[in-house]
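The values are calculated or read from the model by the stated rules, or taken from the named source; none is laboratory data. In this text the structure is predicted, and so the values were computed from the model without any measurement. So basically every Cβ, Gly included, is an ideal-geometry build from the backbone, and we count neighbours across all protein chains shown. Remember, those area values only see protein heavy atoms, side chains included, never the ligands or the DNA or RNA. Shrake-Rupley method; radii C 1.70, N 1.55, O 1.52, S 1.80 Å.
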Amino acid sequence: MKQEEILELLNKMTLDEKIGQMIQIKVNEARNENKDLIYNVGSILNSVGAKNVKKIQSEYLSKNRLKIPLLFMADIINGYKTIFPSPLAQGCSWNIEVIRRIAEISRNESAFAGVNVNFSPMVDLVRDARWGRCFESVGGEDPFLAKIYAKIIVDEYQKKMNDNKLMQASCVKHFAAYGAVEAGREYNTVDMSKRELMEYYMPGYKSAIDSGAQMVMTSFNIINGIPATVNNWLLKDTLRKKWKFDGVIITDYTSMLECINHGIAKDEEDVAKKAIDAGVDIEMISTCYIDSLKKLVKENKISMAQIDEAVLRILNLKNKLGLFENPYGFADENMEKKYVFSLKNLEQATKLTEETIVLLKNKNNILPLNSNKRVALIGPYANNRAISSSWSIFVENENTKTLKEIFEKKLGKKNFEYSEGCKLLKKQELEQLLKVQPEEIRNNMEQYEDGDIQGVIEVANKADIIILAIGEHYLQTGEGCSRSNIEIPKIQQNLLDELYKLNKPIVAVLFNGRPLQLNNIENKLDAIIEAWLPGTNGAEAIFNILYGKSNPSAKLTMSFPQNVGQCPIYYNHYNTGRPDKTGSRYESKYIDIPTESFYSFGYGLSYSKFVYSNLRLDTNILKRNSKIILKVNVKNDSSIAGKEVIQLYIQDLVGSVVRPVKELKAFKKEYFLPYEEKEIIFEINEEMLKFYNENLEYKAEPGMFKIFVGTNSVETINEVFNLIKE
Ligand code: GLC
């Protein structure tokens, strides 16, 4: 439709019809007392499937007076039916083509299944592994990665189709800084300076907005004492005015109603007024808008113009998606059958997943395994299909191959040993965990007794090497799953202790959403593969890494702490006045653990051996609007071809505010043949040196800078340069 036709449509709408556009409900709750779908509702949450979506849409349109189509919105953050690794794992690929391909397949599968808006990317910066939702963060603890990944994902989701209509709209979340919840406790308070917010937490969202994201989801937390969902500084002053966002703002699930619990509003009417004044267009699930907006307009407490503004943004989004011409969008049973979960997508999934798996330890190069060594595949994750993230809400786990099944397929049933060894959790721990889970999960959990350790020892004794598949329970990570203890469950530690007594090499494969505390088991392990929540073809990808069909190249985007007491921990920290340098008593440290992280940001091993040398700059003076050319030699000093992520960090040694000890400013992922040496080139310019000063001005300041180039944020070779005034 043309813009004037949209405006005409808006003018024909009654107030009830307008308010209806501003609410989002679940289709099973969309039946009013006489069991009919509410025919004015604007959008539906998490109803998918071409046939189902078309049925809902046609029933709705047959009754909707002005034939305004429904929007179908869903959470597809790591795939629809072909499930990819969790976003945190995806980010560990440091490969923009991996991020793009996953976004492309996720968009196509879900769009053919009728999804118009995808609640993704999630770019909340995460620094505290106690928080259950770390696994959703595609940028991890780094604002630079968040910026880059956000752009790639939004661009891919919102690729214009031939008639210049969107195939799918991106909704960036959770705005803002939800990952900074105090003590890593879910839905807890977030409180920080606006400078900290702009410097670290906002870049990912801004990048998504600058890339044209059509929707923003407000977060559950407060920002400077006011819940994001009713926060004028955040939504009006920053998002709308400063960032010029004219798309749709939607709340998170009942986050509007929750403002009463926050104590910022006395009742639903009060919070509805605050939300519409802040510029919120759609309320998800709760009914403050539908219960109060009409009264607020009648009593002149809000204006019809405010309602019209919100509804116009919603109609414009429906128009950009072409829904007025074709209300079914890209919902297409034939394409669904042909494309969704296709062999091609699955083959892609294996290759893409391999690039997300991080090799954390490889003592004496025990990996890659060769098939003349007999292995014993042991552990509660060895034959477990639940290896997709808890946001894989449309996954059909029965399609997910287990490690055991892949081993049988690749090695042959008789050519390796297997034992579950123990359950994921002790029975009473599982019961404790189930108490906080929704009914449908509680009822589906198989009840079990703790494992029989003795049986596993016999199995392990028949093998040369033990592959131990362990990790946190999938219900221990995700929304509502903050943990005060981030170790591998005790029952699994006991199993490891027993196996360790056999004096055989042990290779651990970890299945987890968040960084775990490994300092109490690492010394018993010869190798550690971080597989995260790898999704549909995760097991095959893990096998290919274990047996060297794929050379690991992933790098951590979130630091692993020494232990939970170190949380939050992140690489781009400030130096403090007493950095832990000399080991004296009076320095910034703990007296019972090292100060540095257990595994650092940017860390990840390879089967190849990369050597860095000859870092040089074409000049050590950077003038305004000029650039420095940096060159470094990187050699694959091994007989194994592989990819390396060459990372460039910069430290601003003196600033008008304290500056981090280093910040990622560029990276390149390069493929190397055996013994191949490459000259890697980076450009350094003034833009890379900008930051928010105390007046929130974003600018670079003259002075000395240090450059770090290397294979992670710790092992680097360094140089210095000077930014001068003129
Ligand atoms: C949830 C999550 C959000 C998700 C939304 C809709 O509570 O916070 O990430 O997109 O509800 O499912």
Can you name the condition, by its number, that residue 456 falls short on among (1) open to solvent by 20 Å² or more (accessible area, probe 1.4 Å); (2) over 27 Å from residue 92 (Cβ atoms)?
(1)
Subset of segment 215-253 [part of a loop (DSSP other than H, G, I, E, B) and open to solvent by 30 Å² or more (accessible area, probe 1.4 Å)]:
224, 225, 244, 246, 253
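Inside segment 204-214, can you point out the residues that are open to solvent by less than 20 Å² (accessible area, probe 1.4 Å) and in contact (Cβ under 8 Å) with a residue 40 or more places away in the chain?
The initial filter retains those residues of segment 204-214 that are open to solvent by less than 20 Å² (accessible area, probe 1.4 Å), namely 204-205, 207-209, 213.
Matches in segment 204-214: 204, 205, 207, 208, 213.
I'm trying to understand the selection: among the residues of segment 157-199, which are among the charged types (D, E, K, R) and buried (at least 21 other Cβ atoms within 10 Å of the Cβ)?
Looking only at segment 157-199, we keep the residues that are among the charged types (D, E, K, R), and these are 159-160, 163, 165, 173, 182, 185-186, 191, 194-196, 199.
173, 199, listed by residue number.
Within segment 30-38, is there a residue that is within 16 Å of the ligand (Cβ to nearest atom) and either modelled with pLDDT of 95 or more or not in a loop (DSSP other than H, G, I, E, B) (or both)? Show your work before the answer.
Narrowing segment 30-38 to residues within 16 Å of the ligand (Cβ to nearest atom): 30.
Filter once more, keeping what is either modelled with pLDDT of 95 or more or not in a loop (DSSP other than H, G, I, E, B) (or both): none.
No, the conditions are met nowhere in segment 30-38.
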Quick one: is residue 419 closer than 30 Å to residue 479 by Cα, open to solvent by less than 50 Å² (accessible area, probe 1.4 Å) and small (Gly, Ala, Ser)?
no
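Would you check if residue 364 is at pLDDT 95 or above, of a type outside the set (D, E, K, R) and either part of a helix (DSSP H, G or I) or not assigned by TED's automatic domain parsing to the domain that holds residue 558 (or both)? If you could, list the steps in order and put the result at the bottom.
Values: at pLDDT 95 or above: yes; of a type outside the set (D, E, K, R): yes; either part of a helix (DSSP H, G or I) or not assigned by TED's automatic domain parsing to the domain that holds residue 558 (or both): yes.
Taking the combined requirement at face value, the residue satisfies it.
Assess whether residue 141 counts as being buried (at least 24 other Cβ atoms within 10 Å of the Cβ) and more than 16 Å from the ligand (Cβ to nearest atom). So that I can check it myself, show each step before the final result.
Numbers: buried (at least 24 other Cβ atoms within 10 Å of the Cβ): yes; more than 16 Å from the ligand (Cβ to nearest atom): yes.
Here the answer is yes, as residue 141 does meet what is asked.
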Which of the residues belonging to segment 310-342 are in contact (Cβ under 8 Å) with a residue 24 or more places away in the chain, assigned to a helix (DSSP H, G or I) and not aliphatic (A, V, I, L, M)?
313, 316, 318, 319, 320, 333, 336, 339
When you look at residue 155, is it of a type in the set (Asp, Glu), out of contact with any Asp or Glu (no Cβ under 6 Å at 6 or more places or on another chain), at pLDDT 95 or above and not in a loop (DSSP other than H, G, I, E, B), yes or no?
yes
Which residue pairs have Cβ atoms closer than 6 Å, lie 6 or more positions apart in sequence or on different chains, and pair a first residue in segment 500-518 that is outside any loop (DSSP other than H, G, I, E, B) with a second residue that is open to solvent by 10 Å² or more (accessible area, probe 1.4 Å)?
500/524; 506/526; 517/487; 517/563; 517/564
I need the full set of residues from segment 124-135 which are touching a Ser or Thr at 6+ places or on another chain (Cβ under 7 Å) and within 15 Å of the ligand (Cβ to nearest atom), in order please.
124, 126, 131, 132, 135
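From the list 236, 160, 165, pick out the single residue that is over 22 Å from the mean Cα position of the chain (by Cα), more than 14 Å from the ligand (Cβ to nearest atom) and in contact (Cβ under 8 Å) with a residue 60 or more places away in the chain. Spell out how you get there, then give the answer.
On the way: 236 fails: in contact (Cβ under 8 Å) with a residue 60 or more places away in the chain; 160 fails: in contact (Cβ under 8 Å) with a residue 60 or more places away in the chain.
Exactly one of 236, 160, 165 is over 22 Å from the mean Cα position of the chain (by Cα), more than 14 Å from the ligand (Cβ to nearest atom) and in contact (Cβ under 8 Å) with a residue 60 or more places away in the chain, namely 165.
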Six or more apart or on different chains, Cβ under 6 Å: which pairs go from a residue in segment 122-148 that's touching a residue at least 24 places away in the same chain (Cβ under 8 Å) to one that's within 12 Å of the ligand (Cβ to nearest atom) and among the basic types (Lys, Arg)? Could you list them?
122/173
I need the full set of residues from segment 1-15 which are touching a residue at least 40 places away in the same chain (Cβ under 8 Å), β-branched (Val, Ile, Thr) and open to solvent by 60 Å² or more (accessible area, probe 1.4 Å), in order please.
none
Reported set for segment 168-200 where residues are in contact with a Gly (Cβ under 8 Å, 6 or more places away or on another chain) and away from the ligand (no atom under 16 Å from the Cβ) is 191
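Could you pull out the residue among 640, 628, 621 that is open to solvent by 40 Å² or more (accessible area, probe 1.4 Å) and farther than 30 Å from residue 356 by Cβ? Lay out the reasoning, then the answer.
On the way: 640 fails: farther than 30 Å from residue 356 by Cβ; 628 fails: open to solvent by 40 Å² or more (accessible area, probe 1.4 Å).
Exactly one of 640, 628, 621 is open to solvent by 40 Å² or more (accessible area, probe 1.4 Å) and farther than 30 Å from residue 356 by Cβ, namely 621.
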Hits in segment 592-616 (condition: within 15 Å of residue 716 (Cβ to Cβ), open to solvent by 30 Å² or more (accessible area, probe 1.4 Å) and in contact with a Leu (Cβ under 9 Å, 6 or more places away or on another chain))
603, 616
Taking into account only those residues within segment 66-89 that are open to solvent by less than 10 Å² (accessible area, probe 1.4 Å) and farther than 22 Å from residue 174 by Cβ, which is farthest from the ligand (Cβ to nearest atom)?
68
Conditions (1) exposed (fewer than 13 other Cβ atoms within 10 Å of the Cβ); (2) under 33 Å from the mean Cα position of the chain (by Cα); (3) without any contact (Cβ under 8 Å) to a residue 12 or more places away in the chain: number failed by residue 583
(2)
Please pick out the residue among 48, 41 that is in a loop (DSSP other than H, G, I, E, B), β-branched (Val, Ile, Thr), more than 30 Å from residue 538 (Cα to Cα) and within 16 Å of the ligand (Cβ to nearest atom).
41
Is it the case that segment 102-120 has a residue that's assigned to a loop (DSSP other than H, G, I, E, B) and more than 30 Å from residue 2 (Cα to Cα)?
no
Every residue from segment 459-487 that is among the hydrophobic types (A, V, I, L, M, F, W, C), modelled with pLDDT of 95 or more and part of a helix (DSSP H, G or I):
459, 460
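Here's a check for you: in segment 211-222, which residue that is of a type outside the set (Gly, Ala, Ser) and either out of contact with any Leu (no Cβ under 9 Å at 6 or more places or on another chain) or away from the ligand (no atom under 16 Å from the Cβ) (or both) is nearest to residue 321 (Cα to Cα)? Even if it seems obvious, please write down each step before you answer.
Quick first cut of segment 211-222, residues of a type outside the set (Gly, Ala, Ser) only: 214-218, 220-222.
Right, trim to either out of contact with any Leu (no Cβ under 9 Å at 6 or more places or on another chain) or away from the ligand (no atom under 16 Å from the Cβ) (or both) and you get 217, 220-222.
Working: 217: 19, 220: 28, 221: 31, 222: 32 Å.
If we take residues in segment 211-222 being of a type outside the set (Gly, Ala, Ser) and either out of contact with any Leu (no Cβ under 9 Å at 6 or more places or on another chain) or away from the ligand (no atom under 16 Å from the Cβ) (or both), then 217 is nearest to residue 321 (Cα to Cα).
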Matching residues, segment 258-280, being under 16 Å from residue 296 (Cβ atoms), in a loop (DSSP other than H, G, I, E, B) and of a type outside the set (Val, Ile, Thr)
265, 266, 267, 279
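In the set 404, 435, which member is out of contact with any strand residue (DSSP E or B) (no Cβ under 7 Å at 6 or more places or on another chain), among the charged types (D, E, K, R) and more than 16 Å from the ligand (Cβ to nearest atom)? First the steps, then the outcome.
Numbers: 404 fails: out of contact with any strand residue (DSSP E or B) (no Cβ under 7 Å at 6 or more places or on another chain).
Only one candidate passes the filter, namely 435.
Counting residues that are closer than 20 Å to residue 97 by Cβ and aliphatic (A, V, I, L, M), which strands (runs of 3 or more DSSP E) fully inside segment 639-724 reach at least 3? Spell out the reasoning first.
Details: elements: 642-652, 663-672, 677-685, 703-710, 716-723.
Filter on segment 639-724 gives 642-652.
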Reported set for segment 46-65 where residues are in contact (Cβ under 8 Å) with a residue 60 or more places away in the chain, in contact with an Asp or Glu (Cβ under 9 Å, 6 or more places away or on another chain) and either open to solvent by less than 10 Å² (accessible area, probe 1.4 Å) or of a type in the set (Lys, Arg) (or both) is 50, 51, 54
